[in-house]
Every structure is written in C-alpha cells, then in structure tokens.
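The values are calculated or read from the model by the stated rules, or taken from the named source; none is laboratory data. Treat the numbers as computed from the prediction; the structure is a model and nothing was measured. Here the Cβ positions follow ideal geometry from the backbone for every residue, glycine too, while neighbour counts run over all protein chains shown. What goes into the accessible areas is simple: the full protein's heavy atoms, side chains included, and nothing from ligands, DNA or RNA. Shrake-Rupley method; radii C 1.70, N 1.55, O 1.52, S 1.80 Å.
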Amino acid sequence: AGKCGACGPGYASPLEAMKGKCWASIPKSWNCFGVGPREQLLYVPCIYRNTGIGLPDFLATVDVDPKSPQYCQVIHRLPMPNVGDELHHSGWNICSSCHGDPSKSRDFLILPSLISSRIYVVDVRTDPRAPRLHKVVEAEELAQKGNAAFPHTSHCLGSGEILISCLGDPEGNGKGTFILLDAETFEVKGNWEKGGEIPELGYDFWYQPRHDVLISTEWGAPKILAQGFDPRDVQKGHYGRHLNVWEWGGRRLRQRLELGAGSVPLEIRFLHRPDAAQGLVGCALSGEIWRFHKNSEGKWEAEKVIEVPSKKVQGWLLPEMPALITDILISLDDRFLYFSNWLHGDVRQYDISDPQNPKLVGQVFLGGSISKGGAVMVMEDRELREQPEPCMVQGKKIPGGPQMLQLSLDGKRLYVTTSLFSAWDRQFYPNMIKEGSVMLQLDVDTARGGLAVNPQFLVDFGQEPGGPCLAHEMRYPGGDCTSDIWV
C-alpha cells in the first residue's frame with residue numbers, strides 16, 4: 001500500500017487488511033501502530049422500539065481495548081432525534097473500494113432506519129470516540145426520488161457514491177429496489193437500477209465489478225414482518241426464496257436463482273478476493289448455506305453446501321424448530337465461514353478452503369431456545385445427544401441467541417450480539433426485551449479452527465441509563481470484513 005497516508009481509505013487488498021500495515025482510513029494520530037490491526041472501538045446501533053421504553057435509538061461506542069480502563073464499557077451514546085426508527089445495519093461513506101484515491105476519506109457512518117426509512121449520517125472522523133450527527137435524510141426523499149422505503153444494507157462504491165438496498169415501497173409492500181446517495185452531500189440521487197424487472201422482495205447485497213455482477217437477497221414484505229413472524233405468511237409468499245443476479249454495469253436484473261420455498265435468503269457474501277466468482281449466502285428459515293458461482297457459460301448457479309437440520313420440539317411455536325441462520329461472514333483470507341443460528345443458539349466456524357465442501361471446525365452455544373432448563377423440550381435431534389447448557393458469562397445467563405457477527409481484521413476475535421429485530425425479539429425472546437441484549441467475544445483458533453467464549457468480555461446492554469435496549473450490528477472505525485469491498 002506504500003507509505004502510510006499516501007493512499008486512500010482502507011487497505012489495498014483483503015490480505016493487507018489482515019496484516020494491518022497501514023490504517024489510512026482513520027485519523028492520522030491512529031495510523032501506523034506497527035502492532036497489527038487490533039480494534040479499539042466498536043460502533044453499535046442500539047434499539048428501543050418494541051421494548052416499551054419511549055426513547056430514541058442510539059449509536060453506542062464501545063471500548064474493546066483490553067489495555068483500557070474502560071474495556072467492555074459503552075463510552076459514548078449518540079441518540080437519534082426521533083423515536084421508533086429501528087436502526088439496524090450500517091455502512092460507510094467511503095471504504096477500501098476507493099483505496100486508490102487519496103482524496104477520499106472514511107469520515108461518516110451511514111445508518112439506515114429499517115422502520116422509519118430515515119437515513120442518519122454520523123460524523124466519526126472529528127472524534128472517533130464521540131460520534132456526532134451530521135445529517136438526516138428523511139423518508140420523504142427516498143419516496144419522492146426512488147419510490148423506495150425500508151432501507152437496509154449500505155455499501156460504499158468505487159465511484160464515491162453510496163448504494164443502499166431497500167425492502168419495499170413507502171406503503172410497506174415488498175420491492176427489491178436500490179437507492180444511490182451522493183457521498184459528499186448525502187442527497188438521494190435516485191434509483192440505482194435502470195428500468196426493467198424489479199424483484200418483489202429485497203434485503204442484502206454484495207457486488208463484484210470484475211465479474212459485472214451484483215447479487216441481492218430477499219427477506220420479506222415490510223408490512224408483514226414488521227409485526228412479528230407468522231409461519232402462514234411464508235406459505236402466502238410474503239417471504240423470500242431467490243438470489244437476484246444483476247448486471248453491474250447495465251444495472252438490470254438478469255437472473256433469478258431459486259433456493260426453495262421457505263428458504264428466506266438473508267446475508268450474502270462473495271469471497272473477498274476481487275476476482276472471485278463465487279460466494280455464500282445464509283438461508284434463515286431452511287437452515288441452509290448455499291454456494292453461488294459463475295459457470296463456464298457466464299451464467300450464475302447455486303448449490304446447497306451446508307444444512308443445519310431442524311429439531312423436533314415441544315413447548316414452542318411449531319413442532320419443528322429451524323436453526324434460523326441470521327448472519328454470516330467470511331474471514332478476509334477466505335479461509336473460514338462463520339454463521340449464527342439464532343434459535344438453536346450456536347455460532348459455527350467452517351473451513352471453506354474448498355467452498356464446495358465446507359468442514360465444521362468450531363462451534364459454541366451462546367444462549368438460544370433449546371438450552372437446558374428452558375420451556376422447550378427437544379424430542380428429536382439429528383446433531384446433539386442432549387440439550388446444551390445455558391451460556392453463563394461473568395455470572396450472567398445470556399438472554400436471546402447469537403445473531404450479528406463481526407470478526408477482527410486479523411481473524412482472531414469474533415464479536416457477537418444477540419438482537420435480531422425488535423418485533424421478532426419480543427416474540428421469540430421476551431426475556432431479552434426485559435433484560436436487554438449483550439455483546440460477547442469469542443476467541444478464534446486460526447490455525448486448526450475452533451471457538452471459545454472469552455470469559456473476560458461482556459457488554460451488558462441491560463444496564464443502559466435509559467433502560468435495557470437491543471444492540472445489533474457492529475462496525476470498527478477502520479472498516480471490517482462485512483463492509484469493505486475490494487474492486
């Protein structure tokens with residue numbers, strides 16, 4: 001990457017990010033530690049919607065430096081100016097896709113609101129430990145310029161623009177559309193797609209310009225899922241079942257890959273190598289991981305490579321409990337896949353050196369619905385001989401189940417939060433609504449594979465001054481393996 005500060009934001013490549021030679025994307029005083037890419041801060045959206053507490057959601061800054069006297073503490077809270085937003089996922093104004101442009105800088109965190117459809121732009125450059133609100137993009141601007149609402153995933157582009165996927169239209173109907181933001185003014189420029197067919201549902205996406213492709217996933221119709229989960233809505237077609245393959249340059253939908261009724265494909269990740277023509281997607285309700293890839297004819301295909309079987313249970317919503325794979329990520333060296341089973345309660349690590357044949361090398365249970373002593377009795381289990389023990393960290397029984405994941409750049413630490421979506425949290429883990437969610441950290445064996453709970457790490461969001469809240473996705477000031485895309 002050359003001399004520190006001589007290039008643009010982020011790193012020249014995924015492997016350079018793992019080495020942490022130059023952190024050119026954060027303030028100069030932080031650059032060139034010479035000690036590797038050890039994260040010091042995490043930004044975490046915290047949600048009050050559906051908790052019974054009438055406060056705005058806020059962005060928490062968490063100290064994760066073991067040498068700090070404030071280790072594992074929330075050191076700053078930035079409340080939003082409105083109540084009921086449902087902050088969810090986040091992205092950056094600029095990232096490693098602009099690494100070759102020294103005029104670009106990673107200054108702002110982009111915070112879409114899943115329910116209110118507002119987009120908050122947060123200044124993290126002026127004081128990384130105390131972010132401040134820079135701008136609010138109101139829902140009316142998305143509606144007027146793009147007939148879009150319920151924004152979800154935000155990715156920065158090599159063009160210097162910001163691309164955001166949406167779940168629906170302003171009336172709450174499903175619509176897999178995208179909007180573009182100007183990365184300097186943060187004005188909505190309109191829809192990314194240039195006419196043609198638009199999928200009936202949207203959610204996450206990843207792009208790979210060297211293969212002229214963007215692939216998006218499908219959750220469900222916003223006005224349906226916003227109130228909670230009803231299994232009958234799956235049969236009615238209100239939840240997703242496709243991968244949508246878009247032409248990157250032409251911005252038009254070219255293929256739809258069928259993954260099966262009731263699959264609900266959520267988080268999608270290409271391998272990090274910018275020339276990779278394959279990746280993985282987690283299907284929540286079917287409990288499957290599918291590999292997608294480009295074939296010799298230039299078309300895209302998908303095949304199931306992992307299946308987490310449902311468990312036959314008593315004392316639950318249905319007679320069979322799916323795993324509900326809710327988040328996945330791939331290490332920057334493309335060696336390991338991690339994913340969370342929110343209902344069963346485990347986080348898994350797979351060796352994907354051969355992506356067609358993943359091998360399970362690590363697993364740990366962090367709460368969930370099937371642990372011993374709970375209301376659910378497992379009657380038949382194709383994987384476990386007995387129900388797992390409750391997860392206890394520093395004397396606290398962990399509420400909820402593992403959900404959002406974030407991996408340290410060097411791959412040695414995996415951070416986990418337990419909230420999925422406030423309406424679903426309230427339905428499946430009512431105790432978490434009362435107690436608040438938590439953040440945990442797992443130690444990763446990067447040599448042979450393996451996961452272990454760090455007993456010294458616990459961030460308890462049940463102890464917040466405004467009352468218990470629900471912590472969701474995590475970001476580092478310098479970027480991470482789920483926000484940066486190399487082109």
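Would you pull out the residues with amide H under 5 Å of I306's amide H, same chain only if 5 or more places away, H placed 1.01 Å from N? Those qualifying (amide H under 5 Å, at least 5 residues apart or on another chain) are I289. Solvent-accessible area assigned to carbon and sulfur over segment 200-269 amounts to 44 percent, based on a 1.4 Å probe.
Could you pull out the GluC sites (Glu not before Pro) across segment 274-356 that fall in loop regions by DSSP (anything but H, G, I, E, B) with no more than 13 other Cβ atoms inside 10 Å? Here the GluC sites (Glu not before Pro) that fit, given the DSSP loop and packing criteria, are E297. Ranking P358, A183, F457 by Cα position along the charge dipole of the chain, where only Lys, Arg, Asp and Glu carry charges on their C-beta atoms, puts F457 farthest toward the positive end. Placing +1 on each Lys and Arg Cβ and -1 on each Asp and Glu Cβ, with no other charges, gives segment 14-471 a dipole about its Cα centre of roughly 460 debye. Couplings 3J(HN,Hα) for segment 279-293, derived from phi with the Karplus relation 6.51 cos²θ - 1.76 cosθ + 1.60 (θ = phi - 60°), are x, 9, 9, x, 9, 5, 6, 7, x, 10, 10, 10, 9, 10, 7 Hz, where x marks Gly and Pro. Were the residues from R77 through L15 laid out at 0.36 nm apart, the gain over their Cα-Cα distance would be 19.0 nm.
Normalised by 2.2 N^0.38 Å, with N the number of residues, the alpha-carbon radius of gyration of the chain equals 0.89. Taking amide H positions as modeled 1.01 Å from N, with prolines and chain starts lacking one, the residues under 5 Å from T326 and 5 or more places away or on another chain are S340, W342.
Taking all protein chains together, V308, V136 sort by accessible area into V136, V308, largest first [probe 1.4 Å].
Separation of segment 373-438 and segment 91-128, taken as the distance between their Cα centroids, equals 30 angstrom.
Note on T185 and A447: the extension gain reaches 89.8 nm, defined as 0.36 nm multiplied by sequence separation minus the Cα-Cα distance. For a straight C-alpha distance cut-off of 22 angstrom, the lysines reachable from K372 (same-chain residues fewer than eight places away being disregarded) are K311, K312, K396, K397, K434.
Applied to segment 436-441, the Karplus parametrisation 6.51 cos²θ - 1.76 cosθ + 1.60 on θ = phi - 60° returns per-residue 3J(HN,Hα) values of x, 8, 9, 10, 10, 9 Hz, with x for Gly and Pro. In this structure, the amide hydrogen of I268, modeled 1.01 Å from its nitrogen in the peptide plane, lies closer than 5 angstrom to those of F205, counting only residues at least 5 positions away or on a different chain.
Residues in segment 217-232 carry Karplus couplings, in order, of 10, 9, 9, x, 5, x, 5, 8, 6, 5, 9, x, 9, 10, x, 5 Hz; the curve used is 6.51 cos²θ - 1.76 cosθ + 1.60 with θ = phi - 60°, and Gly or Pro positions show x. Counting only heavy atoms of the protein chains and using a 1.4 Å probe, K434 has close to 150 Å² of accessible surface. Calculated accessible area for the chain comes out at 35 Å² per residue, all protein chains present (probe 1.4 Å; ligands, DNA, RNA ignored).
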